[in-house]
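Student: Below is a structure I'd like to ask you about.
The numbers here are math on the coordinates, done by the rules we state, and not lab data. Computed from a prediction, not measured in an experiment: that's the story for all the values here. Every residue, glycine among them, receives a Cβ derived from its backbone with ideal geometry; neighbour counts consider all protein chains shown.
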Amino acid sequence: MALAALAAAIAAQPALAAAGKTWLPELKRAGAVIWAVGDGATGGVDGRAVGSLVSAGDPDRFIYLGDVYDSGTAEEFAKNYGPLFGPLDSLAAPVFGNHEWANRALGYVPYWVSARGRKPPSWYSLKVSGWQLLGLNTVERHDADSPQARWLRSKLRRSKRLGNCRIAFMHHPRFSASLHGDTDDVGPLWQLLAGRARLALAGHDHSYQRFGPVGGLIQVVSGAGGASLYPVDPDARLAAAVDDRFGAVRIVLRSRIARLQFVAVGGAVLDEKKLRCKRRA
């Protein structure tokens, strides 16, 4: 089916699949490589360079943290996102960015239906090398009793044995020392994740930022995917920041260990951190 016809068909239906449906099969191997980046699908040269970096990094899973510019139309998915990351569609774990949210029934949803044969969920979980990954929707407003919060609370309760061996990923960061600043609306989700996850990945602000742990949870902003970079202000909460280089986050997962790096275009590793998690007996 042509993309335009597919978009029209999707637009006439509910925009999203039932929350929490499995989006990718479990990856049970002992070790896996994940790349994560957002704010890159601009159609520009810097985004293409980041796309090449990620593809050359041979990911087992690819997390796209949102934003297909300028407004997430079907044409922009075809021209800006597809050439960069389309070859990774079978490995991809996407989340909504604010740029594509309004046109989701015409861009995001039909793109992923075409790639996967079914509608993408609004939020979901997957398992990789003993870790649980939680893809969250921070564009749609929610509170502590929203459907997403209830789903997350239930998911965490039903997987207590994982302890805090979890990684959450979303578009809006709870904390940021850059242009957009902190996102208070993410607070209810953060409170559920604190003590139950080790890492939260986000985009939205066009930079790399790694914060110190809050409630045992470390947040990383990986928004240096190709859109114009934003300066990062001095902030005592920051453990590391890069605001003058494009690049992506690479994570090597093993049982109870995650090795995180910010890799700039060209291959230089500009920040790295080793995380450990604890499972329950």
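Student: Run down the lysines and flag those whose C-alpha is under 21 Å from the C-alpha of Lys160, throwing out any fewer than 8 positions away in its chain.
Tutor: Output for Lys160: Lys21, Lys28, Lys127, Lys278.
Student: What relative contact order, as a whole-number percentage, does the chain give when Cα pairs under 8 Å and 6 or more residues apart are counted?
Tutor: 21
Student: Ok, one more. Where does the chain land at 222 nm, in deg cm²/dmol rounded to the nearest 500, when only DSSP H runs of n ≥ 4 count, each adding -39500 (n - 2.57), divided by all residues?
Tutor: That comes out to -5500 deg cm²/dmol.
Student: Something else: What FRET efficiency do you get for Arg29 and Glu272 if R0 is 25 Å and r is their Cβ-Cβ distance, rounded to the nearest 0.05?
Tutor: The computed FRET efficiency comes out at 0.65.
Student: Can you match Rg/Rh (Cα atoms, Kirkwood Rh) to one of these, [x] 0.94; [y] 0.96; [z] 1.05, based on a calculation from the structure here?
Tutor: Correct label, based on the coordinates given: [x].
Student: Now, a different point. With +1 assigned to the C-beta of every Lys and Arg and -1 to the C-beta of every Asp and Glu, and no other charges, what is the dipole magnitude of the chain about the Cα centre in debye, to the nearest 20?
Tutor: 2200
Student: Multiply the residue separation of Ser159 and Val252 by 0.36 nm, subtract the distance between their alpha-carbon atoms, and state the gained length in nm to one decimal.
Tutor: Full extension of this stretch gives 31.3 nm more.
Student: Please name which of Ala32, Pro59, Ala168 has its Cα lying farthest along the dipole of the chain towards the positive end, using unit charges on Cβ (Lys, Arg +1; Asp, Glu -1) and the Cα centre as origin.
Tutor: Ala32
Student: Which shape class, rounded, prolate or oblate, goes with segment 29-122 when its Cα gyration tensor gives a ≥ b ≥ c as root eigenvalues, a/c under 1.5 marks rounded, and past that a/b bigger than b/c marks prolate?
Tutor: Because a/c hits 1.5 or more and a/b fails to exceed b/c, segment 29-122 counts as oblate.
Student: Something else: If we count other beta carbons within 10 Å of each Cβ, what is the order of His171, His99, His142, fewest first?
Tutor: If I rank by nearby Cβ atoms, fewest first, I get His142, His99, His171.
Student: Also: Rounded to the nearest Å, what's the spacing between the alpha carbon centres of segment 30-86 and segment 210-257? Just the number, please.
Tutor: Taking the Cα centre of each part, segment 30-86 and segment 210-257 sit 17 Å apart.
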